Amino acid sequence: MNELLKKLGVDYLLVNSTNEYLVEYPALSENARYTLTGFSGSTGDALVCEDNIYLFVDGRYHTQADMEAKEGVTVVKLQLGQKQDDEIRKIIKPDKVLAIVSKKVSQSRLEGFKGFKIKLLENDPVNDFTEPHTTPAVKAMPPIELIPQKPVFITNLEEVSYLTGMRDFSKDCSSKIWAKLFVNKNERKLFTDNKECEEFLKSYTEELVVDKSSINAYDYALIKHPISKPSEIKLLKAVKTDEEIEAYKKAFERTDEAVLAIREYIESNDNLSEYDIAKRLREEFIKYGAKSLSFNSIVAINQNSALAHYAKNAKDVILTKGSLVLIDCGAYYESGLATDITRVFVKGKPSGLQKEVYTTVLKAFLNAYNANFNTGYEYDKLAHSILDNKIEGFIFSHGLGHGIGINVHEAPPALNQTEIAHTKIQDNMTFSIEPGLYNPEYFGVRLENSCYMKEGKIHSFVKMGYEGKMIDYALLSEQEKEWLKEFEIL
């Protein structure tokens, strides 16, 4: 890596996990951070220094990063409240030069390094490959009318898909169309070819509204008169239309069917591997009408279930008597809205510890689900008060939930301790509630229902029930037992 830095004429290189569209889940073939470090998680970047490579990961990925990172990579384990770029800035010496790939970083993030010596690279020296994205788009939902006061240029793929009502199901784990959109009072221009888009931006001489948090720095530099404003579309699409809510209800009916089928598959078969279960789960989703998965399903047995975003689905990890398996999954149906659910099963009779952890996590869900707060910040705080320091060795290492929509992770809303979690949760906002407890020496339990707000009350899209044999009713209050009656006990 030292030779690469010398060749570039820099002292540091920021290596991103995103592609040119800044999407959360690019193919690993497009993920330069994965190429460099071997870490396959969805988020977290790397910093190449003269004598070290730092990999930054949040609490969901601490153990996974230790397992996957290549030799010579130092894993920096961010704690709740720590921000990746704050830690990167602590490492960089002000008089040294940091290289950043302009197509793989947002303009707002680039500006966060103001005061440092920056060298912008047009091409990624670690991995400059980007898969060609043709757009065999189909009309899935009605287009959304947007008449901006000034012309606006939209690069966030979910926002483009939302406004046009178009979806592309040709790639697994995505329904987004791969395009950028220009909108003014009288016209819309959809760009599916980046070169064509670049020529348009170079020739456009009027003021153009952009969101610095979603436009990459390369495109931003092409705009002659940019006006930076937070995207109004982000909040607009966070509040789902009644038609979207109804489409979601139908999608989750089929998601529940697929998860219930995989539960029965586990109950009636022996010596199943994580791979076997994941493969059968995909088949069940397709059987019930899914166009593709929302994300690669997590099937994690025993200690692997303590990795919040475990992704291996190994052929040699077998579910045996007394084993616990966590399944986090979802799918896209004809509306192109992502479903998301997590359930935990035990083969045979559960242990006392398995029941204690499962029931404690269930308590956190029931209390959050039935609370009446204005913001996700408050819901998250409640869940942590129930879970933190309750069972020795088990920790709740992530936020309580996230928004869902065209992408399986959206914000707002957000149920965590970030700034955006202070956004008021409005009627027809859709989000997950997913408390968890994890101990890498034993196992992890996460119970996730995707929900929506209606008339100030949370409702669950997920109707899939809970495991009766996993519940220790002595740990539930009378109120919690009453709340539990809304859900089927299997």
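Every number here is computed from the coordinates shown, using simple stated rules; none is lab data. Model, not experiment: these values are computed from the prediction. Heads up, the Cβs are rebuilt from the backbone with ideal geometry, glycines too, and the neighbour counts pull from every protein chain shown.
Of all DSSP beta bridges in the chain, what percent run antiparallel (nearest 5)? Please list the in-between numbers first.
On the way: 51 of 69 bridges.
Given both bridge residues lie in the chain, the antiparallel proportion sits at roughly 75 percent.
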Exercise. Fewest to most neighbouring Cβ within 10 Å: what's the order for 33, 263?
Worked result: 263, 33
Problem set entry | Unsatisfied cross-links (Cα-Cα over 21 Å) in the set 90/212; 77/390; 171/291; 363/457; 424/485 | 90/212; 77/390; 424/485
Problem set entry | Beta bridges by DSSP in the stretch 138-238, antiparallel share as percent, to the nearest 5 | 65
Exercise. Quick one: 422, 309, fewest Cβ neighbours within 10 Å first, how do they rank?
Worked result: 422, 309
Problem set entry | Cleavage-rule hits, trypsin sites (Lys or Arg not before Pro), the stretch 150-187, DSSP coil, Cβ neighbours within 10 Å at most 10 | 185
Problem set entry | Alpha-carbon Debye profile of the stretch 261-346, log10 I(q)/I(0) at 0.12, 0.17, 0.26 Å⁻¹ | -0.32, -0.64, -1.35
Seminar exercise, completed: Placing each pseudo-label 7 Å from Cα in the direction of the beta carbon, residue 426 and residue 120 end up separated by a distance in nanometres of 3.4
Exercise. Rounded, prolate or oblate: which fits the stretch 242-484 when a ≥ b ≥ c are the square roots of the eigenvalues of the alpha-carbon gyration tensor, with rounded for a/c under 1.5 and prolate only if a/b beats b/c?
Worked result: oblate
Seminar exercise, completed: In units of 2.2 N^0.38 Å, the Cα radius of gyration of the stretch 2-121 is 0.99
Problem set entry | Potential lengthening between residue 469 and residue 24 on full extension [0.36 nm per residue; Cα-Cα distance subtracted] | 156.5 nm
Exercise. Just how many % of Cα pairs in the stretch 138-238 lie over 25 Å apart, if you round to the nearest whole percent?
Worked result: 15
Exercise. Rounded to the nearest 0.05, what FRET efficiency is calculated for residue 222 and residue 264 with R0 set to 56 Å and r the Cβ-Cβ distance?
Worked result: 0.55
For this session: Pairs of Cα atoms under 8 Å, at least six residues apart: use those to get the relative contact order of the stretch 426-488, whole percent.
Result: 26
Exercise. Assuming R0 = 45 Å, what is the FRET efficiency of residue 249 and residue 8, from their Cβ-Cβ distance, to the nearest 0.05?
Worked result: 0.30
Exercise. Taking the Cα centre of each part, how many Å lie between the stretch 146-183 and the stretch 365-420?
Worked result: 28
Exercise. If each residue's Cβ is checked for other Cβ atoms within 10 Å, how do 483, 178 rank with the fewest at the top?
Worked result: 483, 178
Exercise. Which angle from 0 to 90°, rounded to the nearest 10, does the C-alpha axis of helix 274-287 make with the longest principal axis of the chain?
Worked result: 80
Problem set entry | Contact order normalised by residue count of the stretch 242-484, Cα under 8 Å, 6+ apart, percent | 21
Exercise. For residue 286 and residue 479 in the same chain, what is the full-extension length gain: residue separation times 0.36 nm, less their Cα-Cα distance, in nm?
Worked result: 65.6 nm
